[in-house]
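Worksheet: the structure to be examined is printed underneath.
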Amino acid sequence: MLTCFECGEGTLTPNRVQLEGSRHGETFTVETDGLKCDQCGFETIDSDQSAEFTQLVSDAYRKAHGLLTGEEIHSLRTQLGMTQQRFSEYLGTGVASVKRWEAGQIQDRAMDQLIRLKTDPEAARKNLKTVEQHVPEHIVVSEGEEVTLFFMMGEHSQYVHPHAMTVETFSIVHRSDLTIADGSIAA
């Protein structure tokens with residue numbers, strides 16, 4: 001039996017408790033297994049419960065900031081059928097990082113985005129659409145032994161069909177002497 005640290009009269013008994021914890025300067029209230037005084041209502045945890053408490057507070061921070069929780073990272077990794085070692089290699093990070101994230105350490109936003117891109121097909125598709133809208137892409141229209149004809153799509157352009165494309169400017173590169181001629185054309 002543990003005597004209450006707060007009132008000195010009651011007994012601390014196992015119970016569900018609500019405790020506050022802080023991450024990065026923010027305070028979160030979480031519910032966890034702990035100890036509660038039967039006299040004054042004081043709530044605490046013992047050292048065996050501190051790891052779970054730490055993970056709950058970290059996950060509350062992650063949820064508040066739109067980051068994957070430790071359990072979500074674990075679930076995504078196991079859906080891919082990967083060990084922590086293999087997952088760390090897949091992400092290009094150390095295995096210790098994967099272990100820490102799953103145990104409660106908070107990953108930064110950039111790593112959170114990488115995890116999503118490499119584990120969630122919908123996030124990868126959304127990212128691809130964004131990239132396609134903002135990054136020029138070479139479109140090969142014709143390729144022969146002597147000539148390769150391609151168009152480079154500009155910002156916010158989308159290639160729909162070769163017969164529906166309008167070309168406003170073009171460049172011709174003659175590879176033997178590397179001369180470049182510029183011009184305009186409408187098709």
Open item on the list: Tell me the Rg and the Dmax, in Å, that the Cα atoms of region 2-64 produce.
Closed with: 12.5, 38
Task: Under Karplus coefficients 6.51, -1.76 and 1.60, residue-wise ³J(HN,Hα) of region 119-131 in Hz, glycine/proline x - done: 10, 10, x, 5, 5, 5, 5, 4, 5, 4, 4, 4, 5
Task: Length-normalised contact order of region 1-133 in % [C-alpha pairs under 8 Å, at least 6 apart] - done: 16 percent
- [ ] Provide the three semi-axes, in whole Å and in decreasing order, of the ellipsoid equivalent to region 1-108 as defined by the square roots of 5 times the Cα gyration tensor eigenvalues.
- [x] 35, 14, 10
Open item on the list: Quick query: amide H of Thr11 versus all other amide H atoms, modeled in the peptide plane; which residues come in under 5 Å with a sequence gap of 5 or more or a different chain?
Closed with: Cys4, Asp38, Gln39
TODO: May I ask for the net charge around Met82, where only other residues with Cβ less than 14 Å from the Cβ of Met82 are counted and Lys, Arg are +1 while Asp, Glu are -1?
DONE: +2
- [ ] State, as an integer percentage, the relative contact order of region 70-131 based on alpha-carbon contacts under 8 Å between residues 6 or more apart.
- [x] 30 percent
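Every number here is computed from the coordinates shown, using simple stated rules; none is lab data. Since we're looking at a predicted model, the values are computed, not measured. Ideal geometry is used to build each Cβ from the backbone, glycine not excepted, and the neighbour counts take in all protein chains shown.
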